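Student: What follows is a single structure, and I will ask about it in a moment.
The values are calculated or read from the model by the stated rules, or taken from the named source; none is laboratory data. Just so it is clear, the model here is predicted, and its values are computed rather than measured. Every residue, glycine as well, gets a Cβ built from its backbone with ideal geometry; the counts of neighbours run over all protein chains shown. Please note that ligands, DNA and RNA were not included when accessible areas were found on the heavy atoms of the full protein model with its side chains. Shrake-Rupley method; radii C 1.70, N 1.55, O 1.52, S 1.80 Å.
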Amino acid sequence: MSDTQDLPDRARASKPVPKPGVMDIHAYVPGKATAEGVANPIKLSANENILGVSPRAREAYAAAADLLHMYPDSRTTILRDAIASTFRLEPERLIFGCGSDEVFQLLNQAYLEPGDNIVQGEFGFAAYAIGAHACQARIRLAKEPGYRIDVDEILKVVDDRTRLIFLANPGNPTGSWIPFSEIERLHAALPPSVILVLDGAYGEFALDGRFSDGLDFARSTENVVVTHTFSKLYGLAALRLGWGYAPLAIAEAVDRIRLPFNTSIPGQLAGVAALADKDFQDRSIAHVEQWRPWLTQQLGGIGLDIVGPSATNFLLVGFPHRPGKTAADADAFLSARGLLTRRVLNYGLPDHLRITIGLEEHNRAVSDALADFMRG
Ligand SMILES: *Cc1c(COP(=O)(O)O)cnc(C)c1O
């Protein structure tokens, strides 16, 4: 398929036709927020921070109410400086976006031509491919044996047209992780023209000493971008705030195409406050550390197959392929009890549900409900 050959057809079409690739996109499916006939369902479908938001971030957000008539600082300077000093990074190498989703999109847009490709794990996060398709690029999927990123499988699918590799570590929806030594091995085997994007959306929940989000490593490379988000640990999903640490040349390329005001004043102020609230971060991590093993054990005990070990604030749970006991049945059963989980069919995982670690009462409710479900 030559992309220029498509042009005459589009010109003669009886109505406007989107460019090639756009209609191949499976629009992003967010986690459910409602259940029919249930008043206040518990949302365990989007991996949000179950403790809510840092009280200091909430205060900073409230203070922004007096500034709503103003354009935000286009450079996101206050948050840029706060992140640079917190993580000891060069401020000019930071990229900001409307969620880390936008950072992925900007990288795709700046580096992909029609016919290029991105590489990601077969269960990789959906947002990467959406932006790549929009650039008329292809998606090459690397097998994830045992639901885990495998560096050799990634290397098998990298070719001359690969411009970016997107790798979430820990992964979503798998929850699994690989040691940083594996990522160094991957990087060493890549052509220097390929950008390795390390998506650290759940990195703060991965406490094993062999894990690293890659910020230190990225510092001295020309082709590694590390992304982080305020949507998960920091509890600011509503404010849409993400960032990336990139080689200067990449940050400068992205800066040319981004929207001028892609982070908001409330977002910038709340982001600075959330970053400084170590107590809230620690409590959030401790909560997950306490309840993730508990829920893993409970669900494992009733015969469900827990992918992992998870190093995130969620579990990926495998269900039997038996009528009445499938993931779809379990999802409906839980929904009727007001417990919203995430189906992951669109990730090629029809037999699994992704369940965010909840508060104690949520976790007990999920465990009780699934025990009833499996017995029933
Ligand atoms: C939630 C998530 C993100 C963050 O998305 P935002 O746009 O920053 O809210 C990024 N990557 C993965 C794998 C995620 O699950």
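Student: Extension gain LEU155-ILE25, at 0.36 nm per residue separation less the Cα-Cα distance, in nm? Spell out each step's value before the answer.
Tutor: Numbers: separation 130, 0.36 × 130 = 46.80 nm, distance 2.50 nm.
Stretched out fully, the LEU155 to ILE25 stretch lengthens by 44.3 nm.
Student: Follow-up. Using the alpha carbon gyration tensor of the chain, what are the three equivalent-ellipsoid semi-axes (square root of 5 times each eigenvalue), largest first, in whole Å?
Tutor: Semi-axes, largest first: 32, 27, 22 Å.
Student: Quickly estimate the mean residue ellipticity at 222 nm for the chain, helices only: each DSSP H run with n ≥ 4 gives -39500 (n - 2.57), and the total goes over all residues, rounded to 500.
Tutor: Here the helix-only value at 222 nm equals -11500 deg cm²/dmol.
Student: Given labels modelled 7 Å from the Cα in the Cβ direction, how far is it in nm from GLN297 to ALA336?
Tutor: With each label placed 7 Å out from Cα toward Cβ, I get 3.1 nm.
Student: In addition: Semi-axes of segment 55-276's equivalent ellipsoid from the Cα gyration tensor, sqrt of 5 times each eigenvalue, largest first, rounded to whole Å? Could the numbers behind the result be given before it?
Tutor: Working: eigenvalues 170, 72, 47 Å².
Computed over segment 55-276, the values are 29, 19, 15 Å.
Student: Got a number for carbon plus sulfur as a percent of the chain's accessible area, 1.4 Å probe?
Tutor: Working: 9210 of 16960 Å².
Solvent-exposed carbon and sulfur of the chain make up 54 percent of the total.
Student: OK, next. Could you sort out which of LYS43/LYS325; LYS156/LYS325; LYS143/LYS232; LYS43/LYS278; LYS19/LYS143 sit more than 31 Å apart by Cα distance in this structure? Before the final figure, lay out the partial values.
Tutor: On the way: LYS43/LYS325 22 Å; LYS156/LYS325 36 Å; LYS143/LYS232 26 Å; LYS43/LYS278 25 Å; LYS19/LYS143 29 Å.
Listed pairs above 31 Å: LYS156/LYS325.
Student: Something else: Per-residue counts of other Cβ atoms within 10 Å, averaged by peptide: what ranking do you get for 198-208, 29-39, highest first?
Tutor: On the way: 198-208: 21.6, 29-39: 11.8.
Final packing ranking: 198-208, 29-39.
Student: Something else: What dipole magnitude, in Debye to the nearest 20, does the chain give about its Cα centre under +1 on Lys/Arg Cβ and -1 on Asp/Glu Cβ? Please report the intermediate quantities before stating the final value.
Tutor: Details: 37 positive and 45 negative charges, 132 e Å.
Magnitude of the dipole: close to 640 debye.
Student: Give the aspartates and glutamates whose C-alpha is closer than 13 Å to that of LYS32, dropping any in the same chain fewer than 8 places away, or say none.
Tutor: Within reach: GLU48, ASP331.
Student: In nm, what is the difference between 0.36 nm times the number of residues separating LEU359 and ASP305 and their Cα-Cα distance? Could you put the intermediate results ahead of the total?
Tutor: Working: separation 54, 0.36 × 54 = 19.44 nm, distance 2.18 nm.
Difference between extended and current length: 17.3 nm.
Student: Considering only protein heavy atoms, what per residue accessible area in square angstrom results for segment 55-276 with a 1.4 angstrom probe?
Tutor: On the way: 9000 Å² over 222 residues.
Value returned for segment 55-276: 41 Å² of accessible area per residue.
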